[in-house]
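Student: Structure below; questions to follow.
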Amino acid sequence: MVDIHSCENITDEQLVELSLSNSDNFLCLSKRYEDKLLRYIIRISKFSREDALDVLQEVLIKTYYNLNGFDPELKFSSWIYRIAHNEAVSAIRKKSVRPTVYMEVEDMSKFSDAFDMTKDIDNSLDRKVIDEALSKLDEKYREVLILRFLDEKEYVEIADILKKPISTVGNLILRGKKLFKEEYEKLIIKN
Amino acid sequence: MENKNISQIVQERIKEEGIKPISRKVFSIKRVAFWVIVFSSLLVGAFTFSLALSSLLNNDWDLYNKFGLNFVFKTLPYFWLLSLALFTILGEYYYRKTLLGHRRGIFVILGIYVVFTSVFGLTFYLVGVSNFTEKYLEEGPTVYRNILLNRHEVWSHPDDGLLSGKITRIAPDVLEIIDPNGFVWIVDTSSAVTRGKTEIEIGERIKIIGDKTDNNSFDADELRPWIGMNLLMR
């Protein structure tokens with residue numbers, strides 16, 4: 001078994017192989033992704049931390065169960081994010097709630113940089129405005145904006161996670177940004 | 001349940017429930033199966049393309065002036081064109097299910113599919129695959145023949161001046177033919193024009209334009225080959 005403290009220098013792909021030969025090594029992989037995936041699940045579902053952890057547990061079990069299905073032609077992170085995305089969407093449907101967006105303080109700066117809204121953020125505009133503007137967007141725009149600007153994924157990674165053509169992802173981001181700005185400005189005026 | 005413990009909890013569940021990863025073979029079989037479907041639909045699509053192309057090129061377009069647009073519509077190879085569309089959609093659907101298939105847009109995949117189907121289909125046509133298949137189908141059961149090769153149905157209307165059949169006897173200015181429904185016809189060819197590569201030989205199938213003069217007699221104006229490059233005849 002690989003020591004949990006020494007697995008930092010091992011690639012995801014190597015850890016997959018090591019996990020297949022000894023299930024104890026899977027701990028390194030799950031430790032590596034648990035925080036990122038938990039944040040992602042909360043962002044797209046706005047579940048409570050407790051509910052999101054339940055989803056995350058299923059994501060990690062499914063990841064281990066399907067580990068032989070991972071193909072190194074894809075990035076491992078894209079593959080595990082895809083499992084997380086599908087599991088979260090499935091959980092949202094089961095709960096029959098409209099997903100809204102939860103943003104942490106650090107997310108605000110990422111988002112404000114991407115949308116050139118630094119000035120507004122510095123003026124301590126309620127982060128609920130951004131939250132609300134994002135939540136008003138159609139799911140297809142919201143999910144690409146979260147992956148692009150909060151999880152900082154490349155277009156090709158987003159395409160692999162959502163199983164959509166790269167060109168479609170590009171168009172969704174472009175259109176999503178425009179729609180977000182419109183919603184954001186409307187809310188600013190309203191407030 | 002705390003975040004710091006989630007990986008350990010998962011690890012314990014894996015051990016307690018005896019969870020094992022699905023065999024690599026299952027995923028390999030699935031991947032190969034998708035590619036087999038993609039390539040099979042490409043080949044079958046190319047095959048149907050060659051038959052549609054053959055039907056279109058050998059269609060008697062020049063008869064539009066005589067029999068109208070309805071005649072042209074009746075002779076279009078609907079079965080093959082529909083099959084071509086279905087196999088293209090099937091191929092596109094399964095291509096998108098391959099590992100990286102989702103990265104390309106639908107129109108890019110369809111475009112690639114159309115190019116490959118056309119190239120392979122044209123090759124099949126040029127090497128005679130469509131010709132061979134049509135001849136094989138012509139000897140098959142009537143029900144399939146009428147669906148697959150609508151030429152039979154279109155050319156079985158002696159009352160409208162369209163007749164076809166196999167030559168069973170040859171005499172000066174007279175042919176005896178047996179039509180697809182098994183009726184024997186005596187055809188007067190004294191004033192008939194022979195078009196294209198029409199072969200007047202016993203056992204050959206031909207198309208005839210003219211007038212029905214009796215229950216089993218037909219006065220021919222034109223003799224045409226059953227399958228031929230009618231586009232090049234004009």
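The values are calculated or read from the model by the stated rules, or taken from the named source; none is laboratory data. Computed from a prediction, not measured in an experiment: that's the story for all the values here. Ideal geometry is used to build each Cβ from the backbone, glycine not excepted, and the neighbour counts take in all protein chains shown. Protein only, heavy atoms only, side chains kept; ligands, DNA and RNA dropped before computing areas. Shrake-Rupley method; radii C 1.70, N 1.55, O 1.52, S 1.80 Å.
Student: Leaving ligands, DNA and RNA out of it, rank B:Arg151, A:Arg175, A:Arg32, A:Arg93 by accessible area with a 1.4 Å probe, largest first.
Tutor: Heavy-atom accessible area, descending, gives A:Arg93, A:Arg175, A:Arg32, B:Arg151.
Student: Taking the Cβ of B:Val187 as the center, what net charge do the other residues with Cβ under 14 Å away carry, scoring Lys and Arg +1 and Asp and Glu -1?
Tutor: Spelling it out: positives minus negatives among the neighbours equals -4.
Student: Accessible area drop of at least 40 Å² (1.4 Å probe, protein heavy atoms): which residues of the range A:54-68 qualify, relative to the chain alone?
Tutor: A:Gln57, A:Ile61, A:Tyr64, A:Tyr65, A:Asn68
Student: Checking the table A:Lys36/A:Lys164; A:Lys140/A:Lys177; A:Lys46/A:Lys95 against a 18 Å threshold on Cα-Cα, which pairs fail?
Tutor: Flagged as over cut-off: A:Lys36/A:Lys164.
Student: Report, to two decimal places, the Cα Rg of the range B:157-233 normalised by 2.2 N^0.38 Å (N = number of residues).
Tutor: This ratio for the range B:157-233 stands at 0.98.
Student: Taking the Cα centroid of the range B:52-127 and of the range A:127-148, what is the distance between the two, rounded to the nearest whole Å?
Tutor: The range B:52-127 and the range A:127-148 have Cα centres separated by 43 Å.
Student: I would also like to ask the following. Filter A:Lys136/A:Lys163; A:Lys136/B:Lys97; A:Lys62/A:Lys178; A:Lys94/B:Lys20 down to the pairs with a C-alpha to C-alpha distance above 29 Å, please.
Tutor: Flagged as over cut-off: A:Lys136/B:Lys97; A:Lys62/A:Lys178.
Student: If I require 18 Å or longer along the helix axis, counting alpha carbons, and a Kyte-Doolittle average no lower than 1.0, what helices from chain B are left? Use full DSSP H segments.
Tutor: The qualifying helices are B:24-57, B:78-95, B:106-126.
Student: For every other residue with a beta carbon closer than 14 angstrom to the beta carbon of B:Arg31, add +1 if it is Lys or Arg and -1 if Asp or Glu, then tell me the sum.
Tutor: Summing Lys/Arg as +1 and Asp/Glu as -1 gives +3.
Student: Something else now. By how many nm would the segment from B:Leu56 to B:Asp221 grow when fully extended, if each residue of separation counts as 0.36 nm and the alpha-carbon distance is taken off?
Tutor: Length difference between fully extended and current span is 57.0 nm.
Student: I'd like the accessible area for A:Ser77, computed on protein heavy atoms only with a 1.4 Å probe and all protein chains in place. Round to 10 Å², please.
Tutor: In the full protein context, A:Ser77 sits at about 10 Å².
Student: Next up: Take the alpha-carbon positions of the range A:9-54, form their convex hull, and give its projected area averaged over all directions (one quarter of the hull surface) in nm².
Tutor: For the Cα atoms of the range A:9-54, the hull's average projected area reads 3.7 nm².
Student: Where does each of B:Phe39, B:Phe132, A:Phe70 land when they are ordered by accessible area, with a 1.4 Å probe and the largest first?
Tutor: Accessible-area ranking of B:Phe39, B:Phe132, A:Phe70, largest first: B:Phe132, B:Phe39, A:Phe70.
Student: Something else about it: What accessible area, summed over both chains, is buried at the A-B interface (1.4 Å probe, Å², nearest 100)?
Tutor: For A against B, buried area totals roughly 3000 Å².
Student: To two decimal places, what compactness ratio does the protein assembly as shown give when its Cα radius of gyration is scaled by 2.2 N^0.38 Å?
Tutor: Normalised by 2.2 N^0.38 Å, the Cα Rg of the protein assembly as shown equals 1.54.
Student: Got a number for the accessible area of A:Leu162? Probe 1.4 Å, square angstrom, nearest 10.
Tutor: 20
Student: Given the whole protein assembly as supplied and a 1.4 Å probe, what does the accessible area of A:Lys95 come to in Å², nearest 10?
Tutor: For A:Lys95, solvent-accessible area is about 100 Å².
Student: Quick one: what Rg and Dmax do you get for the range B:24-146 from the alpha carbons, in Å?
Tutor: Taking only Cα atoms of the range B:24-146, I get Rg and Dmax of 17.6, 65 Å.
Student: About its Cα centre, how strong a charge dipole does the range B:24-146 have in debye, to the nearest 20, once Lys and Arg get +1 and Asp and Glu get -1 at the Cβ?
Tutor: 920
Student: Taking 7 Å along the Cα-to-C-beta vector as the label spot, tell me the B:Leu122-A:Tyr65 distance in nanometres, rounded to one decimal.
Tutor: Distance between the two pseudo-spin positions: 5.0 nm.
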